[in-house]
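Q: Below you will find the structure I want to go over with you.
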Amino acid sequence: QVQLVESGGGLVQPGGSLRLSCAASGFAFSRYAMSWYRQAPGKKRELVAAVTTGDNTNYADFVKGRFTISRDNAKNTVYLQMNSLKPEDEAVYYCYTNLFTRSYWGQGTQVTVSS
């Protein structure tokens, strides 16, 4: 079955960095686009970044220049490098893919930005 398992979240000070990982299994990873979303308390889940099968990327305006999404097809893993973190980046971050019109989500990883 399809599984997406995130890791790498934690507590970081403002201005710090974290790298999130999402290990995928149960499908042909290299053939599908992958995305990262986030959801802060009381807010809607929002798209952060996406990467296509051809390594084309797109980013939400609020992370452009600070976050980088990448994928390693040999490891079936997608990453989110987050730099210059701000308190407003605090959220649960989710890995996402869509296979044959069905959505799959990971369990999420908490990112806390606080001094």
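Q: Hey, among Leu20, Leu47, which residue is in contact with a Cys (Cβ under 9 Å, 6 or more places away or on another chain) and over 21 Å from Gln1 (Cα atoms)?
A: Sole residue among the options that is in contact with a Cys (Cβ under 9 Å, 6 or more places away or on another chain) and over 21 Å from Gln1 (Cα atoms): Leu20.
Q: To continue, here is another question. Tell me which residues, restricted to the range 94-115, are assigned to a loop (DSSP other than H, G, I, E, B) and either out of contact with any Cys (no Cβ under 8 Å at 6 or more places or on another chain) or modelled with pLDDT under 95 (or both).
A: Listed by number, the residues that qualify are Phe100, Thr101, Gln107, Gly108, Ser114, Ser115.
The values are calculated or read from the model by the stated rules, or taken from the named source; none is laboratory data. It should be emphasised that the depicted structure is a prediction, and the values quoted were computed from it without experimental measurement. Heads up, the Cβs are rebuilt from the backbone with ideal geometry, glycines too, and the neighbour counts pull from every protein chain shown.
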